[in-house]
Amino acid sequence: MKAQTEQDANLISVDVAIVGGAMAGATLALGLKALSESLKRPLNIALIEAHHPNQDHPGFDARSIAIAHGSIFELTRLGLWPKLAHLGTPIDNIHISDRGHMGMTELNAEAFHLNHLGQVVELERIGQVLFKLLDEADISLYCPNKLASVEATIDAQLLTLDDGTRLSASLLVAADGVNSKVRAAFKQPLEQVDFGQVAIIANIELAHVETDKNNENWAYERFTNSGPLALLPMSSVKGVERKSLVWALNPDEAKRLLSIPKDQFLIELQQAFGSRAGQFTAVGERYSYPLMLSYMPKPIYHRTVFIGNAAQTLHPIAGQGFNLGLRDLVSLIQVIEKNLLDETSAAPADLGSTQVTYAYLNSREKDRKQTMTNIEFLVRGFSNDYWPLVAGRSLGLRMLSWLPPLKTPVARTAMGWKA
C-alpha cells in the first residue's frame, strides 16, 4: 500500500467509484445520488461498466427476477420503484409442491392483506430504464469501460480504466459479479459450494386453461429429485400468457435437454411439472449456468466494499439473489448516510474509512449468514429422494396448509422482510 506523494493532473477525484453497472451497481449509484440530494450534500459518484444494455449486457440478459415485497419497499424509499413499476408483473400467489409426494402449500397475498407478494421484472427491459435514469442523473458514467487496474493507497483507491482514464476514489464499491476483477486484484478469498446442478432458463408460453382461478399472477416452485423447477409470471404479449422458467438439473440431463428440439423439450417439461399451470405451447431460447453458492467470508477490504454477486451468489431455489444484494446496497447507503450526518467542518466525512467499511460489514453479517444457510438447507433437503427427508419435507408443507399461522414466518422470508 502506497501513499500518494504527488498530484496527478489527470487524476479525477470522486467520493465513490462503483465497478459494475448491472442491477446492484446501477441501483446503488442512483440511491447514493438520491441521498446526496436529500441531504444537500454533493457526492461525486463514478460508475464503471463494461457493457451498455443495448450490447448484450450479461447483467441485463433474457432472465427474469423476482423482486420481493420488502425489496419493493426499499426501492420505493430510494425513489426508484415508481420509475420501474410499469415493468413489473405482480406475484399474487405462490404454489409450492413436491413432485411425486403429497407435500404442497400456497402463499396468497390476500391472506396477508397485501396487493402482491412481489413483482417479476425482465432484466433486459429494466436495464434500459436504469441506464436512462443514470444518463439523466448527475453521475459520471464510464461506459463502455473496463477496469484495467486498481491500486490501494493510504487515502484512496486509484483506478485505471481501459481507455487510460484514472480515478481516485475515497470508497471503492465492487458490484462486478461473481468473477469480480476487484476481488481478484486484491487477491481476496472466495468460498464456493458446488451443488452439482445446472439451471436451464427460458421463457415459456402457455395456453389458457379453464380452471376456477386465474393462473397469470401465480408463481410455482416444484421440487423434484434433481432440483427445483420454478415458473414466474411474466407480462402477457398479445394476449399470450408467459412464464419465466428456472429448471435445476444434474449437468448431464441439462446438457441433453438443451440439445433436443423445442417441441420435445416442452413435452419433457410438461411431464416434469404437470398441468397445474396450464399447457406449455412454446419456448424461447434456452440458456444454462452452473449452480453454486459463492461467498466472500469478509466482503470488505481497504477502502473497498463488495455487494451483490461480487459478495455472494445464491442458488435460485427461493429467488433471493437480487433481494439479498439489494439489502447489501441499502445497508451501505444507510452507513454512508450516518457518516455524512456525523461529519463536522473539523472532521469532514471520509466515506472509505475503516469506520464505514466495518460498519457495513457488521450490518450485513447476520442477514448474509442466515440467508445462505437457509438456501443451502433448501437445496440439500429438497433435491433428493432420501425417504426421511422426503417424509419430513412433505409433512412440513402439509403443516403449512393445515395451520395457516405457520405460513407467516415463511411468507416474511419469501417477501424479503427482516426483523
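Computed quantities for the displayed model
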read-out	value
Of all residues making up the range 253-279, the number that are within 27 Å of the chain's Cα centre (by Cα) and within 19 Å of Val198 (Cα to Cα)	8
All positions within the range 309-324 that are under 11 Å from the mean Cα position of the chain (by Cα) and open to solvent by 10 Å² or more (accessible area, probe 1.4 Å)	Asn309, Thr313, Leu314, Pro316, Gly319, Gln320, Gly321, Phe322
Pairs where the first residue, in the range 235-261, is β-branched (Val, Ile, Thr) and the second is assigned to a helix (DSSP H, G or I) and buried (at least 16 other Cβ atoms within 10 Å of the Cβ), C-beta under 6 Å, 6+ apart	Val246/Pro316
Unmet criterion (only one of (1) closer than 30 Å to Ser36 by Cα; (2) β-branched (Val, Ile, Thr); (3) surrounded by 21 or more Cβ atoms within 10 Å (Cβ to Cβ)) for Thr76	(3)
Members of the range 258-272 that are open to solvent by 30 Å² or more (accessible area, probe 1.4 Å) and touching a helix residue (DSSP H, G or I) at 6+ places or on another chain (Cβ under 7 Å)	Glu268
Filter result for Val173 (under 23 Å from the mean Cα position of the chain (by Cα), at pLDDT below 95 and among the hydrophobic types (A, V, I, L, M, F, W, C))	no
Close pairs from the range 167-191: first over 19 Å from Ile12 (Cβ atoms) and assigned to a strand (DSSP E or B), partner open to solvent by 50 Å² or more (accessible area, probe 1.4 Å) and of a type outside the set (D, E, K, R), Cβ under 7 Å, at least 6 apart	Glu191/Tyr295; Glu191/Pro297
Residue within the range 285-292 that is aromatic (Phe, Trp, Tyr), closer than 16 Å to Ala24 by Cβ and in contact (Cβ under 8 Å) with a residue 40 or more places away in the chain present	no
Exclusive hit being touching a strand residue (DSSP E or B) at 6+ places or on another chain (Cβ under 7 Å) and over 17 Å from Pro233 (Cα atoms), set Ala272, Ala277, Ala282	Ala272
Residues of the range 255-293 classified as closer than 20 Å to Tyr220 by Cα and not aromatic (Phe, Trp, Tyr), total	20
Verdict on Glu106 being open to solvent by 40 Å² or more (accessible area, probe 1.4 Å) and under 13 Å from Ala219 (Cβ atoms)	yes
Subset of the range 216-240 that is in a loop (DSSP other than H, G, I, E, B) and in contact with a Ser or Thr (Cβ under 9 Å, 6 or more places away or on another chain) - its residue that is modelled with the highest pLDDT	Asn217
Test: residue in the range 165-174 that is in contact with a helix residue (DSSP H, G or I) (Cβ under 8 Å, 6 or more places away or on another chain) and either under 30 Å from Pro251 (Cβ atoms) or open to solvent by 50 Å² or more (accessible area, probe 1.4 Å) (or both)	yes
Test: residue in the range 136-146 that is open to solvent by less than 20 Å² (accessible area, probe 1.4 Å) and touching a Ser or Thr at 6+ places or on another chain (Cβ under 9 Å)	yes
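Table: residues versus (1) hydroxyl-bearing (Ser, Thr, Tyr); (2) open to solvent by 50 Å² or more (accessible area, probe 1.4 Å); (3) on the phi > 0 side of the Ramachandran plot.
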residue: Tyr289; (1), (2), (3): yes, yes, no
residue: Met296; (1), (2), (3): no, no, no
residue: Tyr301; (1), (2), (3): yes, yes, no
residue: Thr304; (1), (2), (3): yes, no, no
residue: Ile307; (1), (2), (3): no, no, no
residue: Leu326; (1), (2), (3): no, no, no
residue: Leu329; (1), (2), (3): no, no, no
residue: Gln334; (1), (2), (3): no, yes, no
residue: Lys338; (1), (2), (3): no, yes, no
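Residue by residue, here is whether (1) within 16 Å of the chain's Cα centre (by Cα); (2) within 17 Å of Gly31 (Cβ to Cβ); (3) modelled with pLDDT under 95 holds:
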{"site": "Arg63", "(1), (2), (3)": "yes, no, yes"}
{"site": "Ala66", "(1), (2), (3)": "yes, no, yes"}
{"site": "His69", "(1), (2), (3)": "yes, no, yes"}
{"site": "Leu84", "(1), (2), (3)": "yes, yes, no"}
{"site": "Arg99", "(1), (2), (3)": "no, no, yes"}
{"site": "Met102", "(1), (2), (3)": "no, no, yes"}
{"site": "Glu106", "(1), (2), (3)": "no, no, yes"}
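The values are calculated or read from the model by the stated rules, or taken from the named source; none is laboratory data. Fair warning: this is a prediction, and the values are worked out from it, not measured in the lab. Using ideal geometry, Cβ is built from the backbone for each residue, glycine included, and neighbour counts are taken over all protein chains shown. Note: areas computed on protein heavy atoms with side chains; ligands, DNA, RNA excluded. Shrake-Rupley method; radii C 1.70, N 1.55, O 1.52, S 1.80 Å.
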